[in-house]
Number of protein chains: 2
Amino acid sequence: MQIVLATHNAHKVTELGAILGAAVEGLELLGYDGPEPVEDGTSYLENALIKARAAYAHTGVTSMADDSGIAVEILGGSPGIFSARWAGGRDNVANRQLLLSQLGDVAQEHRAAAFVCTIALVGPDGETSFTGIWPGRVATEEHGEHGFGYDPIFIPEGFEVTAAELEPEVKNSMSHRALALEQLVSYLNAIAE
Amino acid sequence: MQIVLATHNAHKVTELGAILGAAVEGLELLGYDGPEPVEDGTSYLENALIKARAAYAHTGVTSMADDSGIAVEILGGSPGIFSARWAGGRDNVANRQLLLSQLGDVAQEHRAAAFVCTIALVGPDGETSFTGIWPGRVATEEHGEHGFGYDPIFIPEGFEVTAAELEPEVKNSMSHRALALEQLVSYLNAIAE
């Protein structure tokens with residue numbers, strides 16, 4: 001079975017292709033260099049579907065795409081779908097610094113947050129989606145060198161260190177993305193039977 | 001009847017004192033120069049209560065305070081209680097520019113927002129509160145010279161101009177603050193009978 005990953009990022013295709021290829025027999029992940037749609041959805045799911053639908057429409061091959069972000073409870077779920085450009089541009093450092101400034105000295109018990117990842121799969125058999133949620137809280141300052149995005153200011157539930165301080169293998173076994181991928185793998189193995 | 005307005009801003013006391021004095025017979029609004037508490041509440045009401053309680057504890061006179069902000073639907077109600085320092089500092093221009101950047105080219109039908117104002121009243125007879133909501137949407141650019149805060153990027157429902165383009169008398173007859181004050185006035189007149 002072939003699946004197009006709706007991203008122009010070849011590194012992501014290689015990385016995810018290795019993971020999915022090991023988990024689903026005969027699965028081949030393909031890159032995508034077709035038109036990139038405007039992500040103007042109002043939810044993670046809508047944005048993931050917009051990308052997957054565009055790739056499926058262009059290639060005719062079952063396509064997947066994801067959308068993810070950090071949802072902060074006291075901000076009503078924001079930054080959410082705006083996580084990647086929270087400070088106005090696509091600058092992870094600025095995004096993190098802004099979120100820390102906004103929360104200021106909000107007490108630990110009110111800093112609950114979660115990383116969210118939704119994967120959409122669009123093909124001849126229809127559309128489906130899988131969502132992984134990684135609960136935790138927003139730290140009060142940056143820590144750690146691993147990871148990217150909001151990892152250095154996100155303390156996962158059950159830990160006292162940030163996601164950027166976890167070994168990649170640890171993070172990759174429990175992250176929002178890992179949980180969404182687990183569901184995708186179960187689904188793909190089920191429909192392959 | 002005397003009420004302390006829990007703010008160090010003498011201009012606010014004069015302005016609101018004139019409005020309330022005209023609406024409630026015998027009402028005298030007093031200023032406050034006592035300690036200012038940390039506003040660490042998680043809602044408009046909590047923050048207003050924190051300020052009113054502190055003034056009442058210090059003066060022994062019935063005290064009022066308000067908290068207000070802009071709630072954007074697609075941001076889950078944010079900036080909300082963080083409106084005044086959304087960009088990290090107390091800079092209205094930076095706050096507005098950040099909110100416009102965050103929403104980017106989000107379509108008009110998804111830009112719903114509301115100005116919210118909660119007034120808390122704390123005194124020997126207990127605590128009560130009044131909330132005014134002014135619905136509208138976030139504009140795509142700044143317009144207008146009147147008003148302050150988010151006024152230049154807020155288009156009230158029923159208008160095609162921003163709150164900063166409205167004549168002050170028009171704004172002051174329908175704003176979130178006006179609606180909350182109306183309720184306070186009704187309450188004060190009712191308990192005075």
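Throughout, read-outs are computed from the coordinates displayed, never taken from laboratory work. Quantities reported herein were computed from a predicted structural model and do not represent experimental measurements. Quick reminder, even Gly has a Cβ in these numbers, built from the backbone with ideal geometry, and neighbours come from all protein chains shown.
Structural remarks
- Angle between chain B longest axis and helix B:44-59 axis [Cα atoms, degrees, rounded to 10]: 30 degrees
- Set of aspartates and glutamates with alpha-carbon distance to B:Lys12 below 14 Å, sequence-local pairs under 8 removed: B:Glu28, B:Asp33, B:Asp66, B:Asp67
- A:Val170 label point (Cα plus 7 Å toward Cβ) to equivalent points in the other copies: 5.9 nm, shortest first.
- Ordered by the count of other Cβ atoms within 10 Å of each Cβ, fewest first, B:Asp151, B:Asp40 give B:Asp40, B:Asp151.
- Shown for A:Thr42, A:Thr7: other C-beta atoms within 10 Å of each C-beta, ranked fewest to most, produce the order A:Thr42, A:Thr7.
- Taking the fewest neighbouring Cβ atoms within 10 Å as the starting point, the ordered list for A:Asp91, A:Asp67 is A:Asp91, A:Asp67.
- In chain A, the longest principal axis of the Cα atoms and the axis of helix A:10-23 are about 70 degrees apart.
- Relative to the longest principal axis of the Cα atoms of chain B, helix B:92-103 runs at roughly 50 degrees.
- Backbone geometry of the stretch A:68-80 corresponds, through the Karplus equation with coefficients 6.51, -1.76 and 1.60 at θ = phi - 60°, to 3J(HN,Hα) couplings of 8, x, 10, 10, 9, 4, 6, 9, x, x, 6, x, x Hz, x marking Gly and Pro.
- Loop GluC sites (Glu not before Pro), the stretch B:1-84 (other Cβ atoms within 10 Å of the site Cβ: 12 or fewer; DSSP): B:Glu25
- Label 7 Å beyond Cα on the Cβ vector: B:Gly21 copy-to-copy distances, nm: 8.1
- In chain A, helices alone account for a calculated mean residue ellipticity at 222 nm of -11000 deg cm²/dmol, with every DSSP H run of four or more residues adding -39,500 (n - 2.57).
- Whole-number percent relative contact order across chain B, with pairs defined as alpha carbons under 8 Å at least 6 apart: 17 percent
- Computed P(r) (all Cα pairs; the stretch A:2-192; 5 Å bins; percent): 1, 8, 15, 20, 19, 15, 11, 7, 3, 1, 0
- Separation of alpha-carbon centers, the stretch B:134-190 and the stretch A:20-84, rounded to whole Å: 39 Å
- Legend: mean number of C-beta atoms from other chains within 10 angstrom of residue C-beta atoms, peptide A:70-78, equals 5.
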